[in-house]
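Novice: My questions will all concern the structure given below.
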């Protein structure tokens, strides 16, 4: 009986390990795979500074050195769909192990990381140079219109991408009534500290230049509509 139980356990482990696919592929294969999978779950595991200096198109930042933020970002992913990852050199191996341990079924790692990608002459995108927004400029921005919603986000922020359809819908519905201003929280870090927004996405609603509401994270469209309706300047 014990032998039978042992055999069954071994079979289960073999089946489970076979269901989890982790592979490291070269730059040409990685590029082709991304072209075949639109809206791929693609992550750059380096720091924000490294990401800004050059990253793959449509890659989202998930700094593996910031464990809390890293875990939060990856917790929003669909575990049944492939996850593409890269770092500098071969530093993404540890993340591959973490993803496997947390139930992700298919992990595809860029062999040699972004260094190999650049050596192969593959394209990278750089975060455009930016002008730090001063406190004076920010005050002018939020006072320029009667009702202003400031949206702190970043292109690599997963929850920000999830919220974008909501923001687009609000922009269309309240055109001429509400001004929505996007601020790149990935670069305007000092401004975020000044206004005490500690996460992304972050939203602050101003009426007549005065704050009337704020929230961070995923916000229901109905909640945002409700607070906007209450503060529309007639």
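Since every read-out is calculated from the coordinates, none of them should be taken as a lab result. Keep in mind that this is a model prediction, so the values were computed, not measured.
Novice: Relative to the longest principal Cα axis of the chain, at what angle does helix 27-36 sit, 0 to 90 degrees, rounded to 10?
Specialist: Roughly 60 degrees between the two axes.
Novice: Related question: Relative to the longest principal Cα axis of the chain, at what angle does helix 2-19 sit, 0 to 90 degrees, rounded to 10?
Specialist: 50
Novice: I need the per residue convex hull volume for the stretch 18-119, using only the alpha carbons, in cubic angstrom as a whole number. Display every interim value, and only then the final one.
Specialist: Numbers: hull volume 9.5 nm³, N = 102.
Dividing the Cα hull volume of the stretch 18-119 by its residue count gives 93 Å³.
Novice: Quick one: check the C-alpha center-to-center distance for the stretch 32-56 versus the stretch 150-203, whole angstrom.
Specialist: 21
Novice: With an 8 Å Cα cut-off and a minimum separation of 6 or more residues, compute the relative contact order for the stretch 23-98 in percent.
Specialist: On the way: 68 pairs, mean separation 24.1, N = 76.
Result for the stretch 23-98 is 32 percent.
Novice: Based solely on its DSSP helices, what 222 nm [θ] is calculated for the chain when runs of n ≥ 4 H residues each add -39,500 (n - 2.57) and the sum is averaged over all residues, nearest 500 deg cm²/dmol? Each step should come with its number before you reach the end.
Specialist: On the way: 10 runs with 100 residues, N = 234.
Using -39500 (n - 2.57) per qualifying helix, the result is -12500 deg cm²/dmol.
Novice: To continue, here is another question. Between 0 and 90 degrees, rounded to the nearest ten: what's the tilt of helix 221-231 against the longest Cα principal axis of the chain?
Specialist: 10
Novice: Let me know the shape class of the stretch 189-234, please: from the alpha-carbon gyration tensor, a ≥ b ≥ c as square roots of the eigenvalues, rounded when a/c is under 1.5, otherwise prolate if a/b is greater than b/c, or oblate.
Specialist: Taking the square roots of the gyration eigenvalues as a ≥ b ≥ c, the stretch 189-234 is oblate.
Novice: List the relative contact order of the stretch 135-231 as a percent without decimals, with contacts defined as Cα pairs under 8 Å and 6+ residues apart.
Specialist: The value is 38 percent.
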